[in-house]
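Below: one structure, written as structure tokens.
The values are calculated or read from the model by the stated rules, or taken from the named source; none is laboratory data. Predicted model, so just to flag it, every value in this text is computed and none were measured. As a convention, Cβ positions derive from the backbone with ideal geometry for all residues, glycine included, and neighbour counts pool all protein chains shown.
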């Protein structure tokens, strides 16, 4: 198993993320020890490798530094095309607080043929449901004969600056990046180049990442230091979250606890804003008792190479959920979309083995930490294209290789990997009567007849256009129909098109009311928290064009939908 798959000790994660912690006990190699933040004087030097690098995707902490193995992560579009780079970010590692001028000095041991990349982010990039928003940051790249400085200003996917200069690169090389007098200057022993600073670090923070060519030998980051210049200052920011806030009595989480059902209220959450956005994190901890992994455990993110797994972001979410007493719902093991290119290119004869090995490894990794899994996501065709005028199975790499039996095999593998987890099939568009609901009901009835270990069905409940409404009475009847088959249900991904605040609020409240009224509806989860990070943001847009589908707006202000949900929960108090 690759080094980056090793689980950190839970105590370390709780120290980083849990409520009420004040200090971390050192453990393991000295390069991975967390230190007290803010203790370095402004005129001093910060040794960044004395901080925690054990969670960097592809990074392995060693006595000589941090060894960097390239994961080759790329984000494909939902149709499987494209390949946007997704370089690793050390989300739980050192963050600098910077003011004024400073320089950062790094020593790298780079074997012949390897490309070494070091990233410095003023703002952590955000994944919006299979596309990456490049925000303010820069990349230093060193090859055999070139030194490159690439700068993003957050206003475009295209770099604001991309400078390259020839360099004679020895095996071990030291580079220094300096911010001074409105410029960014990059130097080595024999090279000097400069570019205008578009305000990359005006946020006052620096977060780090590193990447490599996955097909070449690993490189090692031997030293990484930051020093203030003139009247500037550099300190290490404490990456542990503050003590968990007590949910206010009118929060969704607190109100749900007062109902006879004590229904879990959840949201799909992402690792990046949990670390980088204090307001987002506050809403997550105070409003919700269940966490769904939005993207981190989709195959292309967690299994980027045939023999490479990346659990860093998933582990962060699992540890965050545990520290904040949330139920963890993991999404998703098998999907026709969001698959890495290597999976898409598998020979049909190899697909069953690849699918079951993926499930065994990923579900096994989170055994005991995840309460529920979306085992199979969206198995039905988006169109009513079956021979009987109903949706057939969606045609994708798994269905083409195994037919409908891929679903049976996926659930069986998931149950074997984690017998205590509750296993769901997740589908969209089945809330209304009609061919789609009929096809879904018949599918799960067949699965039950064959003895497949399926426990429930997730109703995604997306409402993505004006006039597309969910009738709560019909939804209730579908939940009851599933109960007769011995299956539970959950509202798994609800978001509602903002045709008007009143209509949006009514739709959110109506679906919640339907779930509360049916004893076999086990949870209610929104597909995100705030429009600031909503998956319906316009793809690849700069500046970001957010959607309007979630309960909190892009400024983290509650919409009328929040009050409607609160009132629905108050009405259901025990």
When you go through 385, 420 one by one, which is the residue that is outside any helix (DSSP H, G or I), in the same structural domain as residue 520 (by TED's automatic domain parsing) and either touching a strand residue (DSSP E or B) at 6+ places or on another chain (Cβ under 6 Å) or within 22 Å of residue 337 (Cβ to Cβ) (or both)?
-> 385
Mind listing whichever residues of segment 514-539 are surrounded by fewer than 21 Cβ atoms within 10 Å (Cβ to Cβ) and either over 11 Å from residue 263 (Cβ atoms) or free of Cβ contacts under 8 Å to residues at least 60 places away in the same chain (or both)?
-> 517, 518, 520, 532, 538, 539
Hey, can you tell me all the residues within segment 414-442 that are surrounded by 22 or more Cβ atoms within 10 Å (Cβ to Cβ) and within 30 Å of residue 367 (Cβ to Cβ)?
-> 414, 418, 421, 423, 424, 425, 426, 427, 430, 440
Residue check: is residue 361 assigned to a helix (DSSP H, G or I), touching a residue at least 40 places away in the same chain (Cβ under 8 Å) and more than 27 Å from residue 213 (Cβ to Cβ)?
-> no
Any hit, segment 514-525, residues being assigned to a loop (DSSP other than H, G, I, E, B), closer than 27 Å to residue 132 by Cα, within 18 Å of the chain's Cα centre (by Cα) and modelled with pLDDT of 95 or more = no
Among the residues of segment 302-335 satisfying the criterion of being touching a helix residue (DSSP H, G or I) at 6+ places or on another chain (Cβ under 7 Å) and part of a loop (DSSP other than H, G, I, E, B), which is modelled with the lowest pLDDT?
-> 324
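One line per residue, one yes/no per condition, for (1) out of contact with any helix residue (DSSP H, G or I) (no Cβ under 9 Å at 6 or more places or on another chain); (2) assigned to a loop (DSSP other than H, G, I, E, B); (3) modelled with pLDDT under 90:
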site: 19; (1), (2), (3): no, yes, yes
site: 57; (1), (2), (3): no, yes, no
site: 60; (1), (2), (3): no, no, no
site: 67; (1), (2), (3): no, no, no
site: 81; (1), (2), (3): yes, yes, yes
Hey, does segment 176-197 have a residue that's within 29 Å of the chain's Cα centre (by Cα), in a loop (DSSP other than H, G, I, E, B), in the same structural domain as residue 229 (by TED's automatic domain parsing) and crowded, with 16+ Cβ neighbours inside 10 Å?
-> no
Residue in segment 315-337 that is farthest from residue 215 (Cα to Cα), counting only those that are out of contact with any strand residue (DSSP E or B) (no Cβ under 6 Å at 6 or more places or on another chain) and surrounded by 20 or more Cβ atoms within 10 Å (Cβ to Cβ) = 324
For residue 342, work out the one condition from (1) closer than 24 Å to residue 59 by Cα; (2) within 17 Å of the chain's Cα centre (by Cα); (3) assigned to a helix (DSSP H, G or I) it doesn't fulfil.
-> (2)
In segment 488-502, how many residues are without any contact (Cβ under 8 Å) to a residue 24 or more places away in the chain and in a helix (DSSP H, G or I)?
-> 0
Has segment 470-484 got at least one residue that is at pLDDT below 95, under 31 Å from the mean Cα position of the chain (by Cα) and assigned by TED's automatic domain parsing to the domain that holds residue 535?
-> no
Condition check for residue 272: touching a strand residue (DSSP E or B) at 6+ places or on another chain (Cβ under 6 Å) and outside any strand (DSSP E or B) | yes
Which one of these is modelled with pLDDT under 95 and either out of contact with any strand residue (DSSP E or B) (no Cβ under 9 Å at 6 or more places or on another chain) or closer than 26 Å to residue 544 by Cβ (or both): 211, 181, 197?
-> 181
